[in-house]
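Have a look at the structure below before the remarks.
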Amino acid sequence: MPIFECHELSKDFGGLKAVSDLDLEINPKEIRGIIGPNGAGKTTVFNLISGVYPPSRGTVVFKEEDITKLPVHVRAQRGITRTFQVTNLFMDSTVYENVCVGCHQNYKSGSVRQFLHTPLARAEQKTERERALEILTFMGLGSLKEELARSLPYGYQRTLGICVALAASPTLLLLDEPVAGMNPEETAVTVELVRKIRDRGITILIVEHDMWAIKTLCDKVSVLESGRKIAEGTPDEIMSNRRVIEAYLGKDEEGGDATRS
Amino acid sequence: MNLREQPRGDYARYGVLAGVGLLLLSLPYLVPTYFAHLLILAGLESIVVMGFVVQLRVGLLSFAIATMWGIGAYISALASTTLGIDFWLCLPLSAMGTALIAFIIGLIIIRAGGVTFLMITIVMAEIFVEAVGHLSVLGGWQGIWGIHPPTIGSFVFVSKVSYYYLTLGLVMLCALIFYALYRSPIGAAWTAIGRSSDLAASVGINLFRYRLAAYVIAAFTVGLSGSVYAHYMCFLVPQSFDIVRSIYLLIYGLVGGIGFTIAGPIIGSVTMNLITEVLRVGDKYQPIFLGGVIVLVALLFRNGILGALPRYITHGLWRRWGRSNANF
């Protein structure tokens, strides 16, 4: 039973069909990759799934519930959180505070209790703070918790972005180019972290250009080109798929093999 | 907030706090009556600035903050003069009335957000002055006279000293309300929204709800302040609550330090009220003087007076999380 599905999902911007008739089914605890050349509509798909844009057509189903019309924060409360392609953090706050805000939706006590600092609200705050610390340690940022987000090196900022999304207790985590701009060592570390996150029972959808990362991580990959899905399968199947190679490298006019691998 | 750093700094801070407390209590007997008047005004204005700062915290830049103040003042004034309601009832009444009006307006204008919100608040500020000026029911341009002073038993609030303590109590109450809010997850969500609304929404924070809450709570406290202002002044004219007043209040906030949500407004209002008085800046030159102050703050003190103080004084005492300059 898939945890996430979308059917005939489409988004038009004026005359531009950014995404057309996309069908996706993601199973629990799967790591699914979405790849495609620049402008293929990957980030638009992300924004459709996380609820930033309403789709032009189609439905989004999560845990057997139609969430097509729900706004971003409600989808987050249902269990879909995301990271951003361009690093998006509370830059003037510390690492720890960033993650604490991520915990926000785990609070069960109402605003009045929080305002009055009743024992229940305080106890809850304490547990959430511990959870935030646990996530930071888990992701290897424990020793940097008092640093300002702004002052972290780029790679750590990307990791912190994942921590914040993770703090909100997602069941489906959307990672938008998590290793973009990282060097090979940082990439390897991040890939390992993503795998560890999956081992905690979280389903992951990942958009990435780094083929090595995709190949090592993903159980299944969907390939987009000009807003359409042109292929789907295991990383190995995808990389030998003729249409995928054409999408990336262009058609060879003489009919020869476009790749040299 | 953790206080693990510098225990000596903590003792020093408690000492300073106690000193400040004593000073605040004895102040009206130490300064000339006229300064007590300034302090009362500054105190009432500081509550309004707190409201401005909390709105800014969630990304709502409002030029109608003095308008809210005016709404609170007018509710209290009308309730007192036409219905003869006692001050102690007028006070919560105008707070709740202002909050209710803010709630209704907020439902419409907060979704607009950003620049649109700002433009609408400018229009609101203009409409309020014109509407009150042209409606004789609300006193018109001549204003409302004869607002009854507060009484406790046979004691009547007439002297500056009595109003000073009333104001002091009110400022403390509002500071306490805001302190409790900023310290709770609500305040963390507010700050998060102001710093990155996309990210805040992506972790499940309902932007509209939290913005509306900030807007309405600000209105509530500003309404309290407006009520006392009306009874203190005894008469009201609509021009006191025009957009220029809002801009002055905004500058007070900047001078105190916009990143300091509670102490900033207090320090800013008191300093600016005293400075303009001591330097005897006339009404004529006040805009030029304040213009100069803005330039000075923008160039040298991006986080106001408090931001310029050493960190061991300010750390953790007033400011909710975040250490560097607030994004303004």
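Values in this text are rule-based calculations from the coordinates and carry no lab data. These figures come from a predicted structure and were not determined experimentally. For neighbour counting, all protein chains shown are included, and Cβ atoms are generated from backbone atoms with ideal geometry for every residue, glycine included.
Among B:Leu23, A:Met211, A:Gly140, whose Cα projects farthest towards the positive end of the dipole of the protein assembly as shown, with charges put on the beta-carbon of Lys, Arg (+1) and Asp, Glu (-1)?
Farthest towards the positive end: B:Leu23.
A:Val112 to A:Ser143: extension gain in nm, 0.36 nm per residue of separation minus the Cα-Cα distance?
Gain on stretching A:Val112 to A:Ser143: 7.7 nm.
Counting other beta carbons within 10 Å of each Cβ, put A:Ser50, B:Ser136 in order, fewest first.
With the sparsest Cβ surroundings first, the list reads B:Ser136, A:Ser50.
Could you work out the relative contact order of region B:33-240? I mean the mean sequence separation of Cα pairs under 8 Å and 6+ apart, divided by the number of residues, in percent.
It rounds to 44 percent for region B:33-240.
Quick query: amide H of A:Lys220 versus all other amide H atoms, modeled in the peptide plane; which residues come in under 5 Å with a sequence gap of 5 or more or a different chain?
Distant-sequence amide H within range of A:Lys220: A:Ile31, A:Gly33.
Along each principal axis of its Cα atoms, how long is region A:190-238 end to end? Whole angstroms, biggest number first, please.
33, 19, 17
Could you calculate the FRET efficiency of B:Ala131 with B:Leu89 from 1/(1 + (r/R0)^6), where r is the beta carbon distance between them and R0 is 30 Å, rounded to 0.05?
E(calc), rounded to 0.05, equals 0.75.
Give, to the nearest whole percent, the P(r) tail of chain A beyond 36 angstrom, counting all Cα pairs.
17
For the protein assembly as shown, give me the percentage of DSSP beta bridges that are antiparallel, rounded to the nearest 5 percent.
If we restrict to bridges inside the protein assembly as shown, about 60 percent are antiparallel.
Could you tell me how many cubic angstrom of Cα convex hull volume chain B has per residue?
So the per-residue hull volume is 141 Å³.
For region B:141-158, what does the Karplus curve 6.51 cos²θ - 1.76 cosθ + 1.60, with θ = phi - 60°, yield as ³J(HN,Hα) per residue in whole Hz, taken in order and with x for Gly and Pro?
Whole-Hz 3J(HN,Hα) from phi for region B:141-158: 5, 6, x, 9, 10, x, 6, 5, x, x, 9, 10, x, 9, 7, 10, 6, 10.
Skipping prolines and chain starts, which residues have an amide H placed within reach, meaning under 5 Å, of the one on A:Asn27, given they are 5 or more residues away or on another chain?
Excluding prolines and chain starts, which carry no amide H, the hits are A:Ile3.
Which of B:Leu181, B:Leu41 comes first, and how do the rest follow, when ranked by fewest Cβ neighbours within 10 Å?
By the 10 Å Cβ count, ascending, the order reads B:Leu41, B:Leu181.
Using θ = phi - 60° and the Karplus relation 6.51 cos²θ - 1.76 cosθ + 1.60, list the HN-Hα couplings for region A:74-81 in order, rounded to whole Hz, with x at every Gly or Pro.
6, 4, 4, 5, 6, x, 10, 10
Just to compare against my own numbers: the Cα pair-distance distribution for region B:9-133, 10 Å bins, whole % per bin, please.
Histogramming region B:9-133 at 10 Å steps yields 11, 30, 29, 20, 9, 0 percent.
Using only Cα atoms, tell me the angle between helix A:119-138 and the longest principal axis of chain A; keep it within 0 to 90° and round to the nearest 10.
40
Test of understanding: ordering A:Glu128, A:Glu246 by Cβ neighbours within 10 Å, fewest first, what list do you get?
Least to most surrounded, the residues fall as A:Glu246, A:Glu128.
Treat every Asp and Glu Cβ in region B:33-240 as -1 and every Lys and Arg Cβ as +1, leave all other atoms uncharged, and give the resulting dipole magnitude about the Cα centre to the nearest 20 debye.
So the magnitude is around 460 debye.
Where q = 0.11 Å⁻¹, what log10 of I(q)/I(0) comes from the Debye formula for the protein assembly as shown, counting one point per Cα?
-1.03
Relative contact order for region A:113-261 using alpha-carbon pairs under 8 Å, separation at least 6, rounded to a whole percent?
Relative contact order, region A:113-261: 13 percent.
Given a Förster radius of 41 Å and the C-beta distance between B:Leu25 and B:Leu279 as r, what FRET efficiency does 1/(1 + (r/R0)^6) yield to the nearest 0.05?
0.90
With θ set to phi - 60° and the Karplus curve 6.51 cos²θ - 1.76 cosθ + 1.60, what are the ³J(HN,Hα) couplings of region A:52-57 in order, to the nearest whole Hz, using x for Gly and Pro?
Per-residue couplings from phi come out as 5, 10, x, x, 6, 9 Hz.
Please give the helix A:154-167 orientation as an angle from the longest Cα principal axis of chain A, in degrees from 0 to 90, rounded to the nearest 10.
With rounding to tens, the tilt is 70 degrees.
Going through the DSSP H helices of chain B, which span 27 Å or more along their own axis at the Cα atoms while scoring at least 0.5 as a mean Kyte-Doolittle hydropathy?
Sorted by number, the helices that extend far enough and score high enough are B:7-30, B:33-57, B:87-109, B:114-134, B:160-183, B:207-233.
Given B:Ile262, B:Gly72, B:Leu250, which one lies farthest toward the positive end of the charge dipole of chain B, if we put +1 on the Cβ of every Lys and Arg and -1 on the Cβ of every Asp and Glu?
After comparing all options, I get B:Ile262.
Beyond a 23 Å Cα-Cα separation, which of these cross-linked pairs lie in this structure: A:Lys108/A:Lys145; A:Lys29/A:Lys63; A:Lys11/A:Lys69; B:Lys160/B:Lys284; A:Lys11/A:Lys229; A:Lys69/A:Lys196?
Over 23 Å apart, Cα to Cα: A:Lys108/A:Lys145; B:Lys160/B:Lys284; A:Lys69/A:Lys196.
For region B:125-232, what are Rg and Dmax over the alpha carbons, in angstrom?
19.2, 57
In degrees between 0 and 90, to the nearest 10, how far off the longest principal axis of chain A does helix A:184-199 point, with axes built from Cα atoms?
On a 0 to 90 degree scale, this one is about 70.
Can you list residues from other chains, or at least 5 along the same chain, whose modelled amide H is less than 5 Å from the amide H of B:Ile85?
For B:Ile85, the qualifying residues are B:Ser80.
Taking the alpha-carbon centroid of each part, what is the distance from region B:74-135 to region A:221-248 in angstrom?
Computed from Cα coordinates, the inter-centre distance equals 59 Å.
How large is the helix-only mean residue ellipticity at 222 nm for chain B, computed as the sum of -39500 (n - 2.57) over DSSP H runs with n ≥ 4, divided by its residue count, in deg cm²/dmol to the nearest 500?
Rounded to the nearest 500, the figure is -23500 deg cm²/dmol.
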